[in-house]
Ligand code: SF4
């Protein structure tokens, strides 16, 4: 039995199912949000999004190795979810709602904003779980010195907008390798957000006035316009560092001169039984 082949096939099949209908549904999902800060784009590249939404074939689909890393993240998610449900049974938490779907109508957009919140606790606290490796937390530009990524905060702002009944949101970060964990509380401040977290018992607060709901909507308005006019938007990024272009599903299309070889699984088709 070629177990590696079975695992990789299973990962690829799951990914295919996940993609069907998602990109071309037209709806805007919070993980695809972006905004401009001066000339700089934070979040999803509009060109990549345009290609996804118009069904352009990916030139660099996720490899089974990458999909395995995503699956690992899901395990951490399930672990916290089980743990909180047990706390609920013990009476330490009143209620746990899992994978809460929402749709938000924005008058400036043709399509709905649609998303799923990891968990809602006690009916009024949103929870989003992120897991990564210790080096991403403690590096110079990592979580502890730079704070949560702007893309996570734009996502959270949309959740708070879609669910006005939520008092605040918790972004829970778990390090998969060293057991470190840290939670950021994210609050609404009119149309932007503020974070709070504790470091060595001391409360730290940061305001993000540049992360505004209107700026996110502006980008989706531009995307809808490009799709209606069948006109590709200009690329938001240039290949300089590892992120985001080198991880993009359309890397070879933008950089044919740096073309990467097709990402394949490492299983041996010849050993299937
Ligand atoms: S490779 Fe870079 S510029 Fe091109 S679509 Fe992807 S993220 Fe955008």
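None of the figures in this text is laboratory data; all of them are computed from the coordinates on show. Keep in mind that what you see is a predicted model, and the values were worked out from it rather than measured. Cβ sites come from the backbone with ideal geometry, for glycine too, and all protein chains shown count toward neighbours.
Order 3-16, 152-165 from most to least packed using the mean count of other Cβ atoms within 10 Å.
152-165, 3-16
Given axes a ≥ b ≥ c from the Cα gyration tensor, I'd like to know whether the range 129-247 is rounded (a/c under 1.5), prolate (a/b larger than b/c) or oblate. Verdict is oblate for the range 129-247.
Take the Cα radius of gyration of the chain and divide it by 2.2 N^0.38 Å, with N its residue count; two decimals is plenty. Mind dumping the intermediate values first?
On the way: Rg = 19.9 Å, N = 273, 2.2 N^0.38 = 18.5 Å.
Compactness ratio reported: 1.07.
Between residue 209 and residue 139, what's the calculated FRET efficiency when r is the beta-carbon distance and R0 is 22 Å? Round to 0.05.
Values: r = 26 Å, r/R0 = 1.18.
Here the calculated transfer efficiency is 0.25.
Extension gain for residue 110-residue 9 works out to 32.7 nm (0.36 nm per residue, less the C-alpha to C-alpha distance).
If R₀ is 35 angstrom, what is the calculated FRET efficiency for the pair residue 40 and residue 181, using the beta carbon separation as r and rounding to 0.05?
Working: r = 30 Å, r/R0 = 0.86.
Once rounded, the FRET efficiency stands at 0.70.
The distance separating the Cα centre of the range 186-241 from that of the range 16-73 comes to 16 Å. Between residue 243 and residue 82, the simple label model (points 7 Å from Cα in the Cβ direction) yields a spacing of 2.9 nm.
What ratio of Cα Rg to 2.2 N^0.38 Å holds for the range 64-214?
Numbers: Rg = 16.0 Å, N = 151, 2.2 N^0.38 = 14.8 Å.
The reported ratio for this selection is 1.08.
Just to verify a number: FRET efficiency for residue 92 and residue 165, C-beta to C-beta distance, R0 = 25 Å, to 0.05? Approximately 0.70, to the nearest 0.05.
Below 8 Å between Cα atoms, with a sequence gap of 6+, how large is the relative contact order for the range 64-214 in percent? Rounded, it is 16 percent for the range 64-214. Taking square-rooted eigenvalues a ≥ b ≥ c of the alpha carbon gyration tensor, is the range 1-89 rounded, prolate or oblate, where a/c under 1.5 means rounded and, failing that, a/b exceeding b/c means prolate? Here the range 1-89 falls in the oblate category.
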